[in-house]
Amino acid sequence: MVITEKVPHQQNGPSSLHRRAACHGSRWAEFGLPEVESEHSREGTEAHELLERILGGGNPTGYEDREMLTAVMDTVRWVQGWRDQGYSVRFEFPVDPSELLGPDTAGTADIIMVKGDHIIVADFKYGHHEVLPQDNPQLLAYAAGAACDKAIHNGADPWFTLVIIQPRLYRGATVKSTEYTYNGIQPLWDGIRIDLALCTDSAGRTPSADACHYCKAKLSCHERVSVTQDSIGELVALSDEPLTEELAMIQQHNGLEGMTPATIASFLDLKPLIDALFGDIQDLAFDQARAGITVPGYKIIKGPGRRKWALTEEELARKFKSLKIPKVEYLVTKMGSPAQVEKLECVKAMSESKRNNIKTFYTKTLGKDVLVTESTSGDPVIFNSSEAFAAAESGPSDPTVEATPPPISFL
């Protein structure tokens, strides 16, 4: 395995490309601003550092965050499966796709694996928010960097498998991949280069929930506030409540950072009404969809039932002991959820008949001793964009990452 020094964050680095395409003004809006740190980003950094340590031969013994360790070890086993097939493995590997994408696009890829003319680029995500590999700018940039690096590949035109690994997804496959021929991926690289060329100091900002989510300038972006104000203004015009004065207050400030405590309080006072308006609009959309009227970009899908323990922790401990699940195994889960217990190694090692239907395993004793109850409603309805609908429509799958890789298809 190969590891080298990481590349410092660059203005058009792979992780920022999605934002650059969505808002051409975001580059100059973020210029000079520090990286935004949150609890989620710190957690993600810790998970990546643990993955790097173990892939580099480090010992995970004694690591206390068992959920993080399980997610990382699932990923390590997935990588090892490819290594066993003869792939060379590079992790936390610096790539520079500037030859194909333009300046300031260098970054550090989580995992790059190569065998012959096949290049696998994998990105490890520790969060719960689903990320897809199809036309993913970050993965495309890593692939471009790999294609430019003669030390990685110096033969005929390669083909690529781009992979997102998300061991903590609540539903759906935790390893998703897509494939591209060299000719097929080039138009996507061209599209990234064109978008980046438009990211000039005079480029306008085009705020959206997607573009602003990770933007370092979102709190000081006047355009974002103005777009939100205009949108809310249209909605509240339908309301009986006089909100014009309160909404106009935001024009006195340059973005959210300039708001006084009194102004913040005024907007917080509006939140219940705004939430209620959006709730009414969603209800209306549900009614129209059920009546066969299409709401562009949205569909109604049935959400999954939510499982929970029907017993106390003490009762569960006795039950697990009777089922010969070692105490050290089930206590580390803190009884978080049935799904966590399903991922324990001792459960995976059980006979096929015991694992065939995990609910039967949980409910071996009937009546008040049933371990798991499942809500028939849970999240009764998920109202999502067409893209999310398409992902959800594929249905849930095994929540664990396979220790060995799936068969490869050859293009």
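The values are calculated or read from the model by the stated rules, or taken from the named source; none is laboratory data. All values derive from a computational prediction rather than experimental measurement. All Cβ positions, glycine included, derive from the backbone under ideal geometry; neighbour counts span all protein chains shown.
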> How about the range 161-213: which of its residues are hydrophobic (A, V, I, L, M, F, W, C) and part of a strand (DSSP E or B)?
Replying inline: Leu162, Val163, Ile164, Ile165, Val175
> Which one is surrounded by the fewest Cβ atoms within 10 Å (Cβ to Cβ) among residues in the range 194-224 that are closer than 22 Å to Gly102 by Cα and without any contact (Cβ under 8 Å) to a residue 24 or more places away in the chain?
Replying inline: Ser202
> In the set Glu35, Glu30, which member is over 24 Å from Thr174 (Cβ atoms) and exposed (fewer than 14 other Cβ atoms within 10 Å of the Cβ)?
Replying inline: Glu35
>> Which of the numbered conditions does Pro207 fail, given that it passes all the others? Conditions: (1) touching an Asp or Glu at 6+ places or on another chain (Cβ under 9 Å); (2) modelled with pLDDT of 90 or more.
In response: (2)
>> So Thr178 ticks every box in (1) of a type outside the set (Phe, Trp, Tyr); (2) within 17 Å of the chain's Cα centre (by Cα); (3) buried (at least 23 other Cβ atoms within 10 Å of the Cβ) but one. Which box is left unticked?
In response: (3)
> Which of the residues that make up the range 157-201 are hydroxyl-bearing (Ser, Thr, Tyr) and closer than 23 Å to Asp117 by Cβ?
Replying inline: Thr161, Ser177, Thr178, Tyr180, Thr181, Tyr182
> Among the residues of the range 36-57, is there at least one that is part of a helix (DSSP H, G or I), of a type in the set (S, T, N, Q), closer than 30 Å to Asn183 by Cα and at pLDDT 90 or above?
Replying inline: no
> Before we move on, is Asp135 part of a strand (DSSP E or B) and surrounded by fewer than 24 Cβ atoms within 10 Å (Cβ to Cβ)?
Replying inline: no
> Can you name the strands (runs of 3 or more DSSP E) wholly within the range 74-128 that have at least 2 residues being among the small types (Gly, Ala, Ser) and buried (at least 23 other Cβ atoms within 10 Å of the Cβ)?
Replying inline: 107-115
> Which of the residues belonging to the range 150-170 are among the acidic types (Asp, Glu) and over 17 Å from Thr181 (Cα atoms)?
Replying inline: none
